[in-house]
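Have a look at the structure below, then the notes.
The values are calculated or read from the model by the stated rules, or taken from the named source; none is laboratory data. No experiment lies behind these values; they were computed from the predicted model shown. All Cβ positions, even for glycine, are placed from backbone atoms using ideal geometry, and neighbour counts span all protein chains on display.
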Amino acid sequence: MPVPLYGFLQGDTVGLLILAEETETLQALARKLQDAASLRVAARGAVRLVYKDKTMDEGLTVAQAGFEALDRFDVLTG
Amino acid sequence: MLSREEWLPLARKLDWNYSYVREDEVFPEVISGRPWLPHSEWKDWEESFKTSYREYVDNQYEKDMAVQAVRDAVGRIENVQKLALPWLNSLKIHAAALPLAEFTGVVGNLRGARFGRDSAWRTMATFGALDEYRHTQIPLLLFHPLLRLDSQFDWAHKFYHTNNWFAVAARHFIDEIILGQNAIEFHIATNFVFETGFTNLQFVGLASLARESSDHMFERMVTSIQTDEARHAQIGHPVLATVMKHDPKYAQYLVDKWFWRNWRLFSILTGLSIDYLTAPDQRPYSFKEFMEEWIIDQFLRTLDEFGLEKPWYWDLLLDELDIYHHMIYASAYSYRATLWFNFVIPGPAERKWLRHKYPKYWDDMDAVWEQISERWRTVGPGAENEFAVHGTAMPTFCDLCQLPLSAGTPRKNTARVLVHAGRKYIFCSEPCQWIFLHEPERYASHKDIVKRVLSGEAPAELPKLLTEYFNLTPETWGKDVHHGNYEWLGNRKDPAA
């Protein structure tokens, strides 16, 4: 069951609705947001995913990280 | 027979004592508004115009004839065809947003004409209702015939009857400020904040832009409307003064709330027109400069006259002058098919102008436009490539203003999630959340577009969302006015080829 999340990519002008799979890693989730915003924001190699003010381990899955429907996450550069 | 000077004060101030009903039954708080006060507290209600019905009709007739004359002279389709394409799309925004919003003003004023607390107030609100009826008719008269030129002008009638995301946001605002409002809050929010505080953006700012753009029909229309606004906007001042005397905290809340809600809508309506849809050499000022001169400075002086404080979010608002409408325009460009008008990419000369006017955050916005431009370079120009330079993921919306979550800066979006009564909400900014938390019972059950999609009320698939829910068609949905065919992109196609 996909988990709808509010994704905010640093450099972008609008938040996007991202449908996450519970089993996908946060690295894949960050990439999914970058792809969704690629019209406006150039891809950057090193990014980190921030959830509830904490930088998350990118190897965790969405379920392991405790994401719930309509939570916010940010993908930041640097 | 009484002279005008003898008769008018009698006609305007015609209040009486009730013998078989109570005053609070004639003017219930739920529809007259709060604080509920006896008429003795309102009996000195006064405004400066003191017009009679005969004078009103004579004046309006003259103004209507002047509009008609300009329409006959320069309002034909061949005249409109000569306007620059970006400006024509500014007209489409206003053709949709203006007429039926003005019609709700008829309803709001008629509520004041019945439930206003003094007869002079009710007299003035009656004229206000007649004004707003005129403000509905004029733009419909001028804009809807342009449907023969361009099917996107169909939205002059259609806009508020659709579930287009911007219509949902505009309706959320208009329904609350005008249609569903009690007389006191209506007259403070609409006359004092909306008309005194903000409509200078439309009626002074846009009128001068129209003149620079050689659009004399639009210039005449907004100038004619402004003469009415200047009169009926006066209703708000004595209403606010009385509320301020009896409940200053509530007066401050209403001003703070409605200044923010007006700012959200007008920054889009007017900000996009001034800074993007007018040719650079026809922009006498930037949107920010106009806001500072005509809105910010004047509004602060007016607040001071009433003994009101600056809204608590003032520093945030000043910061937003540099960025909010730029965030919205870039977002809307990349989702242009969700709207009923066309867009233009700011080219190098425009971006240089924007950098000069908005140095604080322009580096970040410039990077966004460079990325969008690069996509057009990659796919090449052409109507067939519109969707290759278009967003595909669902954009998100604020649960208060219903506008895209585009507040803050590209570096730090200020959206915030709130759990209220077991349900999750998201707001674009702290003031939107603050307004929600003051009156959650008013806002909590409303669903933004994302929630409608997630609940199955609206289709998730973009083509279906555009056609079945937003009421757009391939002919009417928004496009790049040049389909990416810009000389400065270095990939221009010869239109004749």
Restricted to segment A:57-78 and to residues being within 12 Å of another protein chain (Cβ to nearest Cβ) and either without any contact (Cβ under 8 Å) to a residue 60 or more places away in the chain or charged (D, E, K, R) (or both), the residue nearest to B:L405 (Cα to Cα) is A:R72
When (1) more than 16 Å from B:G408 (Cα to Cα); (2) away from chain A (no Cβ under 11 Å); (3) surrounded by fewer than 20 Cβ atoms within 10 Å (Cβ to Cβ) are applied to B:W362, the one that fails is (1)
Just need a number here: residues in segment B:40-70 that are out of contact with any helix residue (DSSP H, G or I) (no Cβ under 6 Å at 6 or more places or on another chain) and assigned to a helix (DSSP H, G or I).
16
Quick count over segment B:141-183, residues being assigned to a loop (DSSP other than H, G, I, E, B) and either among the hydroxyl-bearing types (S, T, Y) or touching a helix residue (DSSP H, G or I) at 6+ places or on another chain (Cβ under 8 Å) (or both), is 7
Please state which one of B:E441, B:E457, B:E430, B:E461 is under 30 Å from A:A42 (Cα atoms) and more than 14 Å from chain A (Cβ to nearest Cβ).
B:E430
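Looking only at segment B:7-21, count every residue that is over 40 Å from the mean Cα position of the chain (by Cα) and surrounded by 10 or more Cβ atoms within 10 Å (Cβ to Cβ) and tell me the total.
Here is the first cut: in segment B:7-21, the ones over 40 Å from the mean Cα position of the chain (by Cα) are B:17-21.
Filter once more, keeping what is surrounded by 10 or more Cβ atoms within 10 Å (Cβ to Cβ): B:18.
Of the residues in that region, 1 qualify.
One line per residue, one yes/no per condition, for (1) within 30 Å of A:V3 (Cα to Cα); (2) surrounded by fewer than 19 Cβ atoms within 10 Å (Cβ to Cβ):
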residue: B:H446; (1), (2): yes, yes
residue: B:S455; (1), (2): yes, yes
residue: B:A460; (1), (2): yes, yes
residue: B:K464; (1), (2): yes, yes
residue: B:T467; (1), (2): yes, yes
residue: B:L472; (1), (2): yes, no
residue: B:E475; (1), (2): no, yes
residue: B:Y486; (1), (2): no, no
Any chance segment A:42-56 includes a residue that's within 14 Å of chain B (Cβ to nearest Cβ), within 26 Å of B:G484 (Cβ to Cβ), crowded, with 16+ Cβ neighbours inside 10 Å and touching a Ser or Thr at 6+ places or on another chain (Cβ under 6 Å)?
no
Selection from segment B:402-427 of residues touching a Lys or Arg at 6+ places or on another chain (Cβ under 9 Å) and more than 12 Å from chain A (Cβ to nearest Cβ) yields B:Q402
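Name the one entry in B:K82, B:K50, B:K43 that is at positive phi, over 26 Å from the mean Cα position of the chain (by Cα) and not β-branched (V, I, T).
B:K50
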Candidate set: segment B:296-346, residues that are in a helix (DSSP H, G or I), among the β-branched types (V, I, T) and more than 22 Å from B:Y253 (Cβ to Cβ); chosen: the one farthest from the other protein chains (Cβ to nearest Cβ)
B:T338
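Answer yes or no as to whether A:E22 is away from chain B (no Cβ under 11 Å), among the acidic types (D, E) and within 11 Å of the chain's Cα centre (by Cα). Steps first, please.
Values: away from chain B (no Cβ under 11 Å): yes; among the acidic types (D, E): yes; within 11 Å of the chain's Cα centre (by Cα): no.
It is false that A:E22 is away from chain B (no Cβ under 11 Å), among the acidic types (D, E) and within 11 Å of the chain's Cα centre (by Cα).
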Scan segment A:57-78 for residues that are closer than 27 Å to B:A330 by Cα and either surrounded by 16 or more Cβ atoms within 10 Å (Cβ to Cβ) or among the aromatic types (F, W, Y) (or both) and jot them down.
A:L70, A:D71, A:R72, A:F73, A:D74, A:V75, A:L76
Just one of (1) within 24 Å of B:E461 (Cβ to Cβ); (2) in a loop (DSSP other than H, G, I, E, B) trips up A:K32, so point out which.
(2)
Subset of segment B:365-379 that is surrounded by 15 or more Cβ atoms within 10 Å (Cβ to Cβ) and of a type in the set (V, I, T) - its residue that is farthest from the other protein chains (Cβ to nearest Cβ)
B:V379
Residue that is nearest to B:L303 (Cα to Cα), among those in segment B:243-277 that are polar (S, T, N, Q) and touching a Phe, Trp or Tyr at 6+ places or on another chain (Cβ under 6 Å)
B:N262
Scan segment B:380-401 for residues that are part of a helix (DSSP H, G or I), buried (at least 16 other Cβ atoms within 10 Å of the Cβ) and more than 9 Å from every other protein chain (Cβ to nearest Cβ) and jot them down.
B:N385, B:E386
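On the basis of being assigned to a helix (DSSP H, G or I) and in contact with a Lys or Arg (Cβ under 7 Å, 6 or more places away or on another chain), does B:T223 make the cut? Quick ask: steps written out before the conclusion?
Values: assigned to a helix (DSSP H, G or I): yes; in contact with a Lys or Arg (Cβ under 7 Å, 6 or more places away or on another chain): no.
Taking the combined requirement at face value, the residue does not satisfy it.
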Among the residues of segment B:1-28, count how many are in contact (Cβ under 8 Å) with a residue 60 or more places away in the chain and either small (G, A, S) or assigned to a helix (DSSP H, G or I) (or both).
2
Go through (1) out of contact with any Gly (no Cβ under 6 Å at 6 or more places or on another chain); (2) more than 19 Å from B:G75 (Cα to Cα); (3) not charged (D, E, K, R) for B:A207 and report which single condition fails.
(2)
From the set of residues in segment A:1-19 that are in a strand (DSSP E or B) and over 20 Å from B:S406 (Cβ atoms), which is nearest to the other protein chains (Cβ to nearest Cβ)?
A:L19
Taking segment B:33-45 and keeping only residues that are over 17 Å from B:M244 (Cβ atoms) and surrounded by 15 or more Cβ atoms within 10 Å (Cβ to Cβ), one is left with B:H39
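What number of residues within segment B:452-473 are within 16 Å of A:L19 (Cα to Cα) and either hydroxyl-bearing (S, T, Y) or modelled with pLDDT under 95 (or both)? Show your work before the answer.
First, pick out the residues of segment B:452-473 that are within 16 Å of A:L19 (Cα to Cα): B:452-456, B:459-462.
The next check asks that each one be either hydroxyl-bearing (S, T, Y) or modelled with pLDDT under 95 (or both); those that pass are B:455, B:460-462.
Looking only at that region, the number is 4.
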